[in-house]
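These notes are about the structure you will find just below.
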Amino acid sequence: MDSEPNRPLPVPKPRPFPIVGTAPGPRCGHTLTAIAGPEGDLSKAKLVLFGGATALEGSGSSAKGAETPPSPGPSAASGIRLAGATNDVHIFDVRNGKWEKITPLGEPPSPRAAHAAAAVGNMVVIQGGIGPAGLATEDLHVLDFTDPERPRWHRVLVQGAGPSARYAHTLSLVANRFLVAMGGNDGKSTLGDAWALDTSEKPYQWRKITDAGEMPSPRMYATAAARGDGLLLLCGGRDATGVPLGDAYGFARHRDGRWEWHAAPGAMPTGRYQHGAIFVGNRLHISGGAVGGGRMVDEATSTVVLDTNAGQWVSPVPGGHSGEDFTRRCRHAVSSVGPFVFIYGGLKGSQLLDDLLVADDSNGAELSIFDPRAATWVQWMDATHGNAAAAQMLAKAAMEEAAAALSVRRVSAMDDLRVGMEGDVDAAVRAGESPNGRAESPDVTLSKPYTQGNSPLTPDVRLWHRAVVVHQENSLRGLVRQLSIDQLDNEGRRVSIYEKTADKSPLFTRSMSAPQGIHKKVINELLRPRTWKAPEDRRFFLSASDICELCDASERIFREERTVLELHAPIKIFGDLHGQFGDLMRLFEEYGTPSTAGDITYIDYLFLGDYVDRGSHSLETICLLLALKIEHPRNVHLIRGNHEAHDINALFGFRLECLERLGDEQGVFVWRRINELFNYLPLAATIESKILCMHGGIGRSINKVEQIAAIPRPVTMEDGGPVLMDLLWSDPTTNDAVQGVQPSPRGPGLVTFGPDRVKDFCKNNSLQMIVRAHECVMDGFERFAQGHLITLFSATNYCGTAGNAGAILVLGRDLVMVPKLIHPLPPSTPRTPDSSGAIDEEGAGHMHGSD
């Protein structure tokens, strides 16, 4: 049973979906691109099918006659010649399962096949391909759905050199920002180059990517799929000699602008090209493909999955659907919405296909992206899952739909990223006058406009009106709610994230080019959100000398940092953890992990102190955070809490844990060394010069941020004076009606501060918000001073009795702040002790005395 969570989910088999409406008809070499509805609503998602070849040369049905060019590539590879290239557009409404042919406004691209497409918000970007007149131009064409009732074609103006006219290449959107084109054929040779276009910078310009690590060999007819966190995976293809390839390469961009390739673990069960690939969560679904000589992949490996978290290829269970070789095809198109994979058309032998296949990778959990009453979905569910199971699942979907009053919505990993980084890429196209006077080809904005020569515009900080809430029970994995932040007494559901393991390719586990050290051992041992288990004998896996080495390395980093950090969005903010390592793992599992397999390349992490005491795994908590700081010094940020002081953590559990788990002598040594390190921690952080983050508050004495910055480090609580005491110990008053400075119930000399103090402080320091921790609040976060201050607490069921939720705040580049919650696990849930209580028995009676 212990190994069950490590076992990858089985490979779902695509099944035929009923064709209703104006279907695209037989074709191959087309693209199928998913665009979400308003605000990323997947229940209003649509699939956009563009172009392709609608007839075969010599079949007598070619729409273009005998002058159409032959199939791209050497005829010996397949013996097939394509004809009838088109530029028509069909829309598949995912919710009702119906097709519709549309005629967008504006000038369409020329008819083409073997082109590439990618979604940028509400737009589909088309590039390259080959048609009746030969290679299509290298221009970028955009199909804009900002107005769903009046979609329009635009041509994007790009300056300078870029990927030449080509076909059989890939185009992907990476990190919601960069269009990346790779490989293909320019009519002369097979290509191995890669180009990136930053959609947030105008004028648009392609940049060739060089010196980027283990670059893949030249190839055409490969696939490239972007994972939700920005990792791009290039898979398969055909080399210059026509040999099918079975390798895969990860491609990631660092914060400093560097790109890096790295070979993914293992190889596909069968090398292939002209296949399809798409991510669902962290699982890359590979379908169909050719192997040369006019042959398709065999039935046993026509559908395979690369689990990028487990770092392994997964093949279908033998005999699952014997004889039903629906995916044995090539030159088809693939897309995904939520947990569903959609496959349309393609070529099988000399037959053009006109069917739609759908695979369900939700494991029966995520269904609400479609209308459970739609006849097409009812028929597909019945054929896929059987009458009884389908009825159950459809009833479940109907119940979820009825819960719309609570704003229940399905999200995928990509959608969750969009919620957290709302506005990172604005899909609205601004139609305007074209400099060159072409009425149908205006200058197009692919992202939010930047002021020329200046930093990006920074909007006002605002708290998103909904919070993301995951369910606390394993039986409801895969479900998530976004609740009004005024409805947080309602129970939430859980979004499916795949497990993290240590045995992977370096691209998925390491900070690239980072030095080796004890921190690597810590990360490999502890950064396993789904599989970490507390040692039964309570022994800690590091020695005292190991911990000392960890402290030395991180202290060198803290010494170089400012007392008040100057940080930028996007960023995740964590409140008190108090040694509840299980809760930290759950937050990483649900909302992203600080690793290159997770989202550290694209978003920073800020922790607001109180890492130790109360909970039973303070050593795991502080050691992992220090290791992450060493691994990602510019992306992981720690500031000090009131429990990062020897006189406090000697009383509330940390000293006792060190002695118990390391022995008396070594335990005391480690406890003292870590507390010496605490004296070097930064004390506060600003984000975009608009948000101030600290552990406690502004108390009575703090009126300017400069007072905090002026505190010398290292500093003990005894030497820090009233400013440090207020910074780490003060709280807001009980509600907005209590003004001024009041005595604190925590004890003599401590104070609370009212909303008037908050507003005056923000005004005097040109700030818009304060984010602090220090207090256990029932929903994990709490607003104060009309939203100018937020209290954040990340440990659930504090001291084993509070029953509170834990929360983090995710601040997007547009400064929209999204609360994301986890609830306490029920007592019967097999989880670590940190999720249900603490080792400090007296803590329950002192919740507000030493948080």
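The values are calculated or read from the model by the stated rules, or taken from the named source; none is laboratory data. Being a predicted model, the structure only gives us computed values, none of them experimental. Note that we place each Cβ from the backbone using ideal geometry, even for glycine, and neighbour counts take in every protein chain shown. Remember, those area values only see protein heavy atoms, side chains included, never the ligands or the DNA or RNA. Shrake-Rupley method; radii C 1.70, N 1.55, O 1.52, S 1.80 Å.
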Residue ranges of strands (runs of 3 or more DSSP E) in the stretch 312-390 with at least 2 members modelled with pLDDT under 85: 312-314
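Given 651, 728, which one is surrounded by fewer than 18 Cβ atoms within 10 Å (Cβ to Cβ) and of a type in the set (A, V, I, L, M)?
651
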Counted residues, the stretch 549-590 - those being in a helix (DSSP H, G or I) and open to solvent by less than 10 Å² (accessible area, probe 1.4 Å): 14
Complete set of residues in the stretch 214-234 that are open to solvent by less than 20 Å² (accessible area, probe 1.4 Å) and on the phi > 0 side of the Ramachandran plot: 230
Among residues of the stretch 581-617, those that are acidic (Asp, Glu), touching a residue at least 60 places away in the same chain (Cβ under 8 Å) and out of contact with any helix residue (DSSP H, G or I) (no Cβ under 8 Å at 6 or more places or on another chain), counted: 3
Condition met for residue 600 (out of contact with any Phe, Trp or Tyr (no Cβ under 8 Å at 6 or more places or on another chain), part of a helix (DSSP H, G or I), open to solvent by less than 10 Å² (accessible area, probe 1.4 Å) and of a type in the set (Val, Ile, Thr)): no
Restricting the stretch 692-725 to residues that are free of Cβ contacts under 8 Å to residues at least 12 places away in the same chain and open to solvent by less than 60 Å² (accessible area, probe 1.4 Å), the residue that is nearest to residue 606 (Cα to Cα): 720
Total residues in the stretch 169-197, condition in a strand (DSSP E or B) and surrounded by fewer than 18 Cβ atoms within 10 Å (Cβ to Cβ): 1
Subset tally (residues that are assigned to a loop (DSSP other than H, G, I, E, B) and open to solvent by 30 Å² or more (accessible area, probe 1.4 Å)) for the stretch 751-782: 5
Test: residue 238 is open to solvent by 20 Å² or more (accessible area, probe 1.4 Å) and touching a residue at least 60 places away in the same chain (Cβ under 8 Å): no
Residue 685 being in contact with a Cys (Cβ under 7 Å, 6 or more places away or on another chain) and not aromatic (Phe, Trp, Tyr): yes
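Quick grid of which residues meet (1) more than 28 Å from residue 190 (Cα to Cα); (2) of a type in the set (Ser, Thr, Tyr); (3) surrounded by fewer than 20 Cβ atoms within 10 Å (Cβ to Cβ); (4) modelled with pLDDT of 95 or more:
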| site | (1), (2), (3), (4) |
| --- | --- |
| 35 | yes, no, no, no |
| 49 | no, no, no, yes |
| 70 | no, no, yes, no |
| 81 | no, no, yes, no |
| 84 | no, no, no, no |
| 91 | yes, no, no, yes |
| 101 | yes, no, yes, yes |
| 110 | no, yes, yes, no |
| 120 | no, no, no, no |
Qualifying residue in the stretch 801-817 (condition: β-branched (Val, Ile, Thr), buried (at least 18 other Cβ atoms within 10 Å of the Cβ), touching a Leu at 6+ places or on another chain (Cβ under 9 Å) and not in a helix (DSSP H, G or I)): yes
Yes/no for residue 656 being of a type in the set (A, V, I, L, M) and either more than 27 Å from residue 538 (Cβ to Cβ) or more than 28 Å from the chain's Cα centre (by Cα) (or both): yes
Tally, over the stretch 264-273, of residues that are in contact (Cβ under 8 Å) with a residue 60 or more places away in the chain and in contact with a Leu (Cβ under 8 Å, 6 or more places away or on another chain): 1
Answer residue from the stretch 143-168, given it is of a type outside the set (Val, Ile, Thr) and in a strand (DSSP E or B) and is most open to solvent (accessible area, probe 1.4 Å) among those: 159
Residues located in the stretch 246-263, provided they are among the small types (Gly, Ala, Ser), touching a residue at least 60 places away in the same chain (Cβ under 8 Å) and open to solvent by less than 10 Å² (accessible area, probe 1.4 Å): 250, 252
